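Each value in this text was obtained by applying a stated rule to the coordinates, not by laboratory testing. Remember, it's a predicted structure, so these values are computed and weren't measured experimentally. Ideal geometry is used to build each Cβ from the backbone, glycine not excepted, and the neighbour counts take in all protein chains shown.
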Amino acid sequence: MGRIGNIKDRKAKQDSKRAKIYTKLARLITVAAREGGTDPEYNASLKSAIDKAKAGNMPNDNIDRAIKKAAGDAGGDQYEKINYEGYGPNGVAVIVEALTDNRNRTAGEVRHAFDKNGGNLGTTGCVSFLFDRKGQIIIEKNEEIDEETLMMTVLEAGAEDFLVEDEAYEIITLPEDFPTVKDSLLEEGYQFIEADVVYIPQTEAVLEGEDIKKMEKMIDMLEDNDDVQAVHHNWKEA
């Protein structure tokens, strides 16, 4: 089925957790606006956060409130970005990206999710070497998209790779080229299922039986945590 898996399952999962996703996106926008100013034209991090929110169908009112919160809350909670690395069931490599105002609280909750599901939290760098940091854009296949035109558009914009999966197109970029490629696609009217800078595994691990249930539960527990922005792993999902 390919690395990006079943598109319907991917979209259904996004829909089921939409309220939680909006909360995380709002925090990301507020922090970006507080750190670099409230004008996305002069704040690349804020523009990226807003684009991510729009790709997730976050209402404009929610986006505006998150920006205004930063403008009127200069002395509010201070957040920091931190990555946690560890192992899931049967040694699956896991990276957790968090945005937290309390490092001790978040570390404890992340460790609990690992411990409860047959994994263990490791030290910084213990699994990150198994991943490549890349821009990733996923576009669902449909009859209106001409594959060759799409491929030429992304390659001319600076994409590193163009992959054709069963149900979608996967576009890979260097992190620094991601905004340019994404903007080129938006200008041409393409819509994304996902678009972000992510950790892509160099190799994939296969799980069986109870380990699959444990891994699914671990991911759910981590993604349900308001401090967790993203969970990356090298498990080859069915």
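Once you order the gyration tensor axes a ≥ b ≥ c over the Cα atoms, which shape class does the chain get: rounded for a/c under 1.5, otherwise prolate or oblate by comparing a/b with b/c?
oblate
Order these peptides, 142-150, 63-71, by their mean beta-carbon neighbour count within 10 angstrom, highest first.
So the order, starting with the most tightly packed, is 63-71, 142-150.
For the chain, what does -39500 (n - 2.57) per DSSP helix run (n ≥ 4), summed and divided by total residues, give at 222 nm, in deg cm²/dmol to the nearest 500?
So the helix-based figure for the chain works out to -13500 deg cm²/dmol.
Just to be sure I understand the model, the point goes 7 Å from the Cα along the line to the Cβ. What's the resulting D132 to I82 distance in nm?
3.1
List the relative contact order of the stretch 81-144 as a percent without decimals, with contacts defined as Cα pairs under 8 Å and 6+ residues apart.
Over the stretch 81-144, the number comes to 38 percent.
Do you know the relative contact order of the chain, to the nearest whole percent, from alpha carbon pairs under 8 angstrom that are 6+ apart?
Normalised by residue count, the contact order of the chain is 24 percent.
For the stretch 174-238, just say rounded, prolate or oblate: build the C-alpha gyration tensor, square-root its eigenvalues into a ≥ b ≥ c, call rounded for a/c under 1.5, and beyond that prolate if a/b exceeds b/c, oblate if not.
Because a/c hits 1.5 or more and a/b exceeds b/c, the stretch 174-238 counts as prolate.
Once you order the gyration tensor axes a ≥ b ≥ c over the Cα atoms, which shape class does the stretch 54-194 get: rounded for a/c under 1.5, otherwise prolate or oblate by comparing a/b with b/c?
Numbers: a/c = 2.37, a/b = 1.35, b/c = 1.76.
Judged from the Cα gyration tensor, the stretch 54-194 comes out oblate (a/c at least 1.5, b/c at or above a/b).
Defining a contact as two alpha carbons under 8 Å apart and six or more residues distant in sequence, what relative contact order in percent does the stretch 131-201 show?
After rounding, I find 51 percent.
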